[in-house]
Every structure is written in structure tokens, then in C-alpha cells.
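Here is the structure we will look at, set down as C-alpha cells.
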Amino acid sequence: MTALEFSHTIARLRPALRTFTYRFTSDGEESNDLVQDTILKALIYRDKFRENTNLKGWLFTIMRNTYINNYRKAQRERTSHDDTKELYFLNVEDEHTFNRPEGSVEFKEVWRNMNSIKDELLVPFKMHTTGYKYHEIAEHLKLPIGTVKNRIFHARKEIQKKLVGYRPI
């Protein structure tokens with residue numbers, strides 16, 4: 001396929017690409033940008049396309065990967081780094097729920113409900129929430145890994161059931 005044929009084929013697929021963007025975003029401008037980026041990358045990396053393969057699928061893969069990369073880049077940009085002297089921003093009071101007066105009541109209520117479940121469910125659950133991996137819990141408690149996962153799942157469900165009627169202040 002010549003470069004001109006390749007370009008015309010991609011141009012004919014533009015409406016399908018535009019429709020496919022709605023899987024990722026409902027914003028019209030972002031959709032247009034994503035289609036444009038996809039077409040640009042396809043034209044730049046034309047030599048990577050193998051003849052007699054699915055061009056539409058190749059373009060959709062480029063679009064999906066472009067969206068994922070852009071999303072990850074945006075996430076990294078929203079991450080803040082404290083370069084100030086004395087780490088001022090790291091020492092600013094956290095606005096987390098549990099820092100408010102009613103937050104401590106919520107925390108105590110969750111903790112009370114958590115501690116009211118059976119020990120056989122509570123021990124693996126607490127280990128998991130403190131950072132232990134499934135295989136480490138299984139090894140420590142001398143249980144099969146499937147049993148550990150099952151107990152953690154059921155502990156979550158029991159805690160959720162107990163908190164259903166609970167309304168924070």
C-alpha cells in the first residue's frame with residue numbers, strides 16, 4: 001500500500017475513530033484531539049503497519065494506548081511534590097474525613113463494627129489492611145491462599161452489612 005492509499009484509507013476510517021472515542025470520553029474537543037493524535041501517530045509510524053492486517057484494529061489500538069498514556073500523564077501532573085524548605089506542604093493539616101470531630105466518631109463506629117466480626121475473619125482482614133500480601137497471610141496462618149482470600153472477602157461483606165444503616169453525623 002502506497003503512502004497515498006494509506007492516507008486515504010485512514011481518512012475514510014475517521015468517522016469510525018470518532019465514534020470509538022466515546023468509549024473513553026464524552027467531551028467533543030477531547031474526542032477530536034484523540035482522533036487527531038491517533039491519525040498523526042498512524043502516519044508517523046506507517047512503517048510499523050503490516051500489510052494484509054486489520055488497519056481499523058491497529059488504529060483502535062493506537063487510540064486506546066494514546067488515551068491511556070495521556071490519562072497517566074495527567075495523573076502524574078496532578079501529583080504534587082513539596083520542594084519547599086522545611087517541607088511546608090507536607091506538614092499542612094490534612095483535610096481527611098477523620099480529622100474533623102465527627103470523623104473520629106465515624107472512625108470509631110467503623111472500628112467497632114470491624115472488631116465485632118469473628119476472629120477467623122478478622123485476623124486475615126486486619127493483616128491484609130495493614131499491608132500483608134495474601135501469600136504472606138496464608139503462610140503465617142498456615143491456611144490455603146484461597147481460604148485467606150475467602151475470609152477477607154467475607155469480612156468485608158460483614159462489615160459492610162453492619163454499616164448499611166449507619167449515617168454519619
Exercise. Using beta carbons and a limit of 9 Å, which pairs, at least six apart or on different chains, have the first residue in the range 32-58 and closer than 18 Å to Ile68 by Cβ and without any contact (Cβ under 8 Å) to a residue 60 or more places away in the chain and the second one loosely packed, with under 12 Cβ neighbours inside 10 Å and aliphatic (A, V, I, L, M)?
Worked result: Ile39/Ala11
Seminar exercise, completed: Checking Thr97, Thr25, Thr61 in turn, the sole residue that is of a type in the set (S, T, N, Q), modelled with pLDDT of 85 or more and surrounded by 11 or more Cβ atoms within 10 Å (Cβ to Cβ) turns out to be Thr61
Exercise. Can Asn115 be described as closer than 30 Å to Phe153 by Cβ, surrounded by 10 or more Cβ atoms within 10 Å (Cβ to Cβ) and at pLDDT 75 or above?
Worked result: yes
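The values are calculated or read from the model by the stated rules, or taken from the named source; none is laboratory data. Computed from a predicted structure; not experimentally measured. Don't worry about glycine lacking a Cβ; one is built from the backbone with ideal geometry, like all the others, and counts go over all protein chains shown.
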